[in-house]
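Following: one structure in structure tokens, then a few remarks.
The values are calculated or read from the model by the stated rules, or taken from the named source; none is laboratory data. Note that this is a predicted model, so its numbers are computed, not measured. Backbone-built Cβ (ideal geometry, glycine too); neighbour counts: all protein chains shown. Quick note on the areas: whole protein, heavy atoms, side chains included, nothing else; ligands and nucleic acids left out. Shrake-Rupley method; radii C 1.70, N 1.55, O 1.52, S 1.80 Å.
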Amino acid sequence: MRKILSLVLALAVVTATLCFTACTTGDTAQKLYYNGNEYWICGAGETGEGSVLEACGLPSELTADLRGEFIGFLESAGNNTYEVVESETDIPVYNYAPQETENVYIVKIDGIYYAAIRHDGEIYYGLN
């Protein structure tokens, strides 16, 4: 019974990871709402969003050293959106460490780091 439960849990984690990756690289971006602003969650590498990171002045590789002060956790608000909450979830969000900014936050999902970049209409507000 334990093996079956472990397999089901592992399958759920893999499915969630694949859905997140598909959503961030497809037509519907994952969004974060925080302090009255909308942020699009962008990844590096195979997500195909390296050009967005570059245009916003961010490194092409998102790593733990970009994490600043812990802000809270992300919780799904439905429709591919997240909001920052105090209650613990498995998705922490941090300030961007190399530079103080309200335009970029670092999010860790399933061990992978992403940048949450402020987005308003057609404009990304990065570090530049």
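Things to note:
- The lone exception for residue 117 - which of (1) closer than 12 Å to residue 32 by Cα; (2) in a helix (DSSP H, G or I); (3) not basic (Lys, Arg) it fails: (2)
- Filter result (surrounded by 12 or more Cβ atoms within 10 Å (Cβ to Cβ) and under 21 Å from residue 127 (Cβ atoms)) within the range 66-86: 66, 67, 68, 71, 84
- Residue that is open to solvent by 30 Å² or more (accessible area, probe 1.4 Å), under 15 Å from residue 112 (Cα atoms) and modelled with pLDDT under 95, where the choices are 36, 48, 43: 48
- Single residue of the range 102-112 satisfying the filter (open to solvent by 10 Å² or more (accessible area, probe 1.4 Å) and without any contact (Cβ under 8 Å) to a residue 60 or more places away in the chain) that is farthest from residue 89 (Cα to Cα): 103
- Cβ-Cβ under 7 Å pairs, at least 6 apart or on other chains, the range 67-84 side among the polar types (S, T, N, Q), far side part of a strand (DSSP E or B): 76/82; 80/31; 81/31; 81/33
- Residue in the range 69-81 that is touching a Cys at 6+ places or on another chain (Cβ under 9 Å) and modelled with pLDDT under 90 present: yes
- Just one of the listed residues (32, 53) is aliphatic (A, V, I, L, M) and outside any strand (DSSP E or B), namely 53.
- Residue check, residue 108 closer than 15 Å to residue 119 by Cβ, basic (Lys, Arg) and modelled with pLDDT of 90 or more: no
- Within the range 51-65, being modelled with pLDDT under 90 and open to solvent by less than 40 Å² (accessible area, probe 1.4 Å) holds for one residue alone: 52.
- In the range 87-101, the residues that are open to solvent by 70 Å² or more (accessible area, probe 1.4 Å) and under 15 Å from the mean Cα position of the chain (by Cα): 90
- Taken over the range 73-90, the criterion of being outside any loop (DSSP other than H, G, I, E, B) and either of a type in the set (Val, Ile, Thr) or over 17 Å from residue 118 (Cα atoms) (or both) is satisfied by 73, 75, 76, 77, 78, 81, 84, 85.
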